[in-house]
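Q: Pasting a structure here, questions to come.
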Amino acid sequence: MTFTTLTYNGVEKTLADWLISGARREVSNQAGDNMAFDMMLATDATDPFPYGAQIIVQIGRTTASVNPGNPTLPPSGAAFGGGQIWFVGYRVECFRTGTAAMEKLAFKFAGPWEFFFERLVFQKLWSMWNGSAQVADWRSQVILGQSVNALIGPNDTVAGSSATNLMSIAQQIKEIAAYVINQTTATYGTPQLQFDPLTSTIDGANYDLLVSPSAHCLIPDFIAGFAVAGTTSASANLSTVLRAPLDAVNDITCAEAMRYMLRWIGAIGSPVVWFDYTQTPPMLNVGTRDQLPAVTLPFPNPNPTLNPNPNLESVKIKRRDDLIPAAVSLKFRISSSSGVQVVNDIATSISGATVEGIGLTGLLQTPANFVANNSTYIAGGTQNALQAAARTFASSMATIDMEGGQSVSATISCALLDIADPGSDSAALTFWKSLFPELADVTGLALYDASGAPATVVDDGGSPIDLTVYKYRLIDGQIAPWMATGSGAGMTIQATVKAKFKYVETASDGSASVNTKNVPYHEKTAKITLTNLPGGTYGFTSAGEVVPYGLAGYIFNIEKIPQYEGSVTLQEVEITDLCPMGNTLNFSGGLAEWAAMNACVQSISYDLTKAATTLTFGPAGHLGAKDFVERLRVNRGPRWFYQIGGNLTNSGGGNGALGDNLPKHAPSPANANTNVGTHAANFADWFANHADYVTEQAVPGITHDCQQSSQAVYSGLPQQNAPLLHLATGSSGVIVSFAHINANGQVVLQSEDTGSDPTITIQLKLSDLPAGFKSNSSGNYVLKIREVTDCVIISGTPTAVYRQALVSEPYTSPLGNT
């Protein structure tokens, strides 16, 4: 005889001895595990299980003690052994009922998933600058797939690396579980669950990427065939890591965060989450249905005398071929400073084998060649087959917005700070008259006492400012965190300038000036902003998201396995948990395909009073992805992460200070379009020579000025007061030539060659050329702007004049004219 027992506060008794009736347990994948029962107590009885009380339920327990009154029941206070822990839960509800016929207390106990994961908001540690020091701040604004906390510690980061703060799906799942475990330890003194931890044993510093999945997190760190022994997140080729697109979310529970990550590896319930209560504390397990162990039950025979499985009471089953995708097609829409492109990751089955193509349309590569970054492409016919499969019935599609590399620039105007005596220093004279415009027309401007009462510059606290550092007065613009000089980060400080002057006022009638007043002493004060940056245009480039290629092939290889949907009810004398959560189900003695169908168990209902167990298997209908249309909806809706305007991969730039390159807020509206957008032709040249280019209001590349400001004068052209496009060529700080088009239809072509015969070459398409037109010696069809002589009648007299004309190389027409 075996018994089901409940232990609370160190006391173990059978359910009957606890006065428990109607006991039942419900387990669902990624949705909870709870137990409920009634206790026949007075409605106003003291609560035997206060809120949060932990119970332990064990099945298959035995005892050597004998009850003299009823040998089928254990005696009061019996010692039990054997069996296994079947459930660990925490009291969440007590519903009191009282009627003339009955009084009872109805209890509900939640397992670790429902009690901890569903109630705890997931947070990550951010490294922030609070104005005076670097601080760590736990925030519920998180980016799933990015190890933000690694930016302040030894874990998972290497200074200057653009890759090490990106996590595999398995690493992110482990971080979520670790957060829950740590919070249970802080609350209870000991961890209430366990899971595979993030480790750094390979190099002692970075989170490890494992060649084989860990024992209880069965999600691999690498796409199939690319695992590299001894690899950490700092040294991995990120194109081979099984990652998901980054997801920026606010205020989600740990359960939601886990489901967010798991949806990327199977939208119809392929990932399974369950707890093994036989381990103390309970062990969390995560795996996909292709990796789970199988339980085989004999299929019931209609003849009861021949039925090899009397426990199997009823069964319903159907094969879901409609859920096998024709292809999995992920289209990554990458937006960067240079434009938008769509990169494919398509996986399908061709001639019985899985084929995956990655890259731009027409340039698809196998994962191996894509990772090797070579120029070997899939055969054209196979590429066409991949593209066709992505358009066929039941293909699984997802378009995912990604942020590519971004370049920003800003211009500031500064004046050199010179507070010397304007009476003897011409640069100081210029500075003082620009600071105090009312002194522009005076003569004899000088300090009242240059040696005894020099000008002063102090901060808001009255302390002198080091003018060897803060050399410039900021006149226009704003200092951004990423602006820097060769000597360090850009800095600003608010300052008060005070000086005592003497001068002579003058008056003018337009033809002559006369002295009107001698001012022997005049004290003046001004509030200004000082900086260590000279004026000019500053630029910053941040790396974009690393696209998780190989994800489509991983998903397809799981989802191409046929699913079987249905339920089975098992009847026993005492529940023995014949097929617990975390297993797939097969039937022997029925159809041949059922013997290896590996149906994924999604939920289990246990009725302890009847000793009946009902298994529900197949797609996860309770997760909202049972049917094909629902599966597509999982990936529907905007993914707004690319709009947060942050540095996505912790790439170094600007001053490199921690915290400066982190996203400042999310969610947020998309980055606003600026008036001027410039796509530099050569970033290295731009950064090296931007100070020289700014004098011409242009850099080599394309400038689109949506609303030309009054200050914009491109390459010496007059201000246009109209939107324009400006295409410039040049290098080393010098613009050589440009094409300039504004919204008024004006086109300006200019060459700044130093040769004696400056020309502009206009190349035409062959289809544009008239019959008989010939190419020049270089093989190009060109037109040139040249000065030509013309004769016009001026006041009745023929007069030679000169015009600029568009001419070509000489050619012979079909009529024989040259």
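The values are calculated or read from the model by the stated rules, or taken from the named source; none is laboratory data. Here the structure is a predicted model, which is why all the values come from computation and not from measurement. Don't worry about glycine lacking a Cβ; one is built from the backbone with ideal geometry, like all the others, and counts go over all protein chains shown. Accessible surface is based on the protein model in full, side chains and every heavy atom, while ligands, DNA and RNA are left aside. Shrake-Rupley method; radii C 1.70, N 1.55, O 1.52, S 1.80 Å.
Q: Roughly how much of residue 217 is accessible, in Å² to the nearest 10, using a 1.4 Å probe?
A: Spelled out: residue 217, probe radius 1.4 Å, area about 0 Å².
Q: Please give every one of the lysines within straight-line cross-link reach of residue 174, meaning a C-alpha to C-alpha distance under 23 Å, and leave out same-chain neighbours fewer than 8 residues apart.
A: Cross-link targets: 124.
Q: Report the label-to-label distance for residue 101 and residue 237 in nanometres (one decimal), using points 7 Å from each Cα along the Cα→Cβ vector.
A: 7.3 nm
Q: Carbon-plus-sulfur fraction of the accessible area of segment 376-428, 1.4 Å probe, in percent? Could the numbers behind the result be given before it?
A: Numbers: 1310 of 2470 Å².
Using a 1.4 Å probe with all protein chains present, segment 376-428 comes out at 53 percent carbon and sulfur.
Q: In a shell of Cβ-Cβ distance under 14 Å around residue 223, excluding residue 223 itself, what net charge do Lys and Arg (+1) and Asp and Glu (-1) give? Don't jump to the answer; show the numbers that get you there.
A: Details: positive: 243; negative: 221, 345, 356.
Net charge around residue 223: -2.
Q: Determine the order of 439, 783 by accessible area, beginning with the largest, at a probe radius of 1.4 Å. Show your work: numbers first, answer last.
A: Numbers: 439 5, 783 35 Å².
Greatest to least solvent exposure: 783, 439.
Q: Okay, moving on. Rounded to whole Hz and in sequence order, give me ³J(HN,Hα) for segment 345-362 from the Karplus expression 6.51 cos²θ - 1.76 cosθ + 1.60, θ = phi - 60°, writing x for Gly and Pro.
A: Going residue by residue, I get 9, 10, 10, 8, 10, 10, 6, x, 10, 6, 10, 10, x, 10, x, 6, 4, x Hz, with x marking Gly and Pro.
Q: Given R₀ = 45 Å, what would the calculated FRET efficiency be for residue 519 paired with residue 746, taking r from the Cβ atoms and rounding to 0.05? Walk me through the numbers on the way to the answer.
A: Values: r = 51 Å, r/R0 = 1.14.
So the FRET efficiency works out to roughly 0.30.
Q: Next question, about the same structure. Checking the cross-link filter: which aspartates and glutamates have an alpha carbon closer than 20 Å to that of residue 316, excluding same-chain neighbours under 8 positions apart?
A: Within reach: 26, 565, 572, 577, 593, 607, 627.
Q: Any idea how far the Cα center of segment 6-56 sits from the one of segment 324-338, in Å?
A: Measuring centre to centre over Cα atoms gives 49 Å.
Q: To continue, here is another question. If the cut-off is a Cα-Cα distance under 17 Å, which aspartates and glutamates reach residue 331, setting aside same-chain residues fewer than 8 apart in sequence?
A: Straight-line reach from residue 331, under 17 Å: 247, 345, 356, 401, 403, 545.
Q: While we're looking at this one, here's another question. When ranked by the protection proxy of mean other Cβ atoms within 10 Å per residue, highest first, what sequence do the peptides 796-804, 465-473, 313-321 form?
A: Values: 796-804: 8.4, 465-473: 16.0, 313-321: 14.1.
Result, highest mean Cβ count within 10 Å first: 465-473, 313-321, 796-804.
Q: Next question. Amide H neighbours of residue 294 under 5 Å, at least 5 residues apart or on other chains, H built in the peptide plane: list them.
A: 584
Q: Using 7 Å Cα-to-Cβ label points, what is the residue 561/residue 480 separation (nm, one decimal)?
A: Once both label points are built, they end up 4.9 nm from each other.
Q: How much length, in nm to one decimal, is gained on full extension between residue 379 and residue 433, taken as 0.36 nm per residue of separation minus their Cα-Cα distance? Could the numbers behind the result be given before it?
A: On the way: separation 54, 0.36 × 54 = 19.44 nm, distance 7.25 nm.
Value of the extension gain: 12.2 nm.
Q: Under the 0.36 nm per residue contour assumption, what length would be gained going from the current alpha-carbon distance of residue 278 and residue 807 to full extension? The partial results should precede the final answer.
A: Details: separation 529, 0.36 × 529 = 190.44 nm, distance 9.01 nm.
Here the answer is 181.4 nm.
Q: Round to the nearest 0.05 the FRET efficiency obtained for residue 340 and residue 729 when R0 = 35 Å and r is the Cβ-Cβ distance.
A: Numbers: r = 25 Å, r/R0 = 0.71.
Once the sixth-power term is evaluated, E becomes 0.90.
Q: Please give the contour-minus-distance gain from residue 453 to residue 291: 0.36 nm per residue of separation, less the Cα-Cα distance, rounded to one decimal in nm. Display every interim value, and only then the final one.
A: On the way: separation 162, 0.36 × 162 = 58.32 nm, distance 8.36 nm.
Stretched out fully, the residue 453 to residue 291 stretch lengthens by 50.0 nm.
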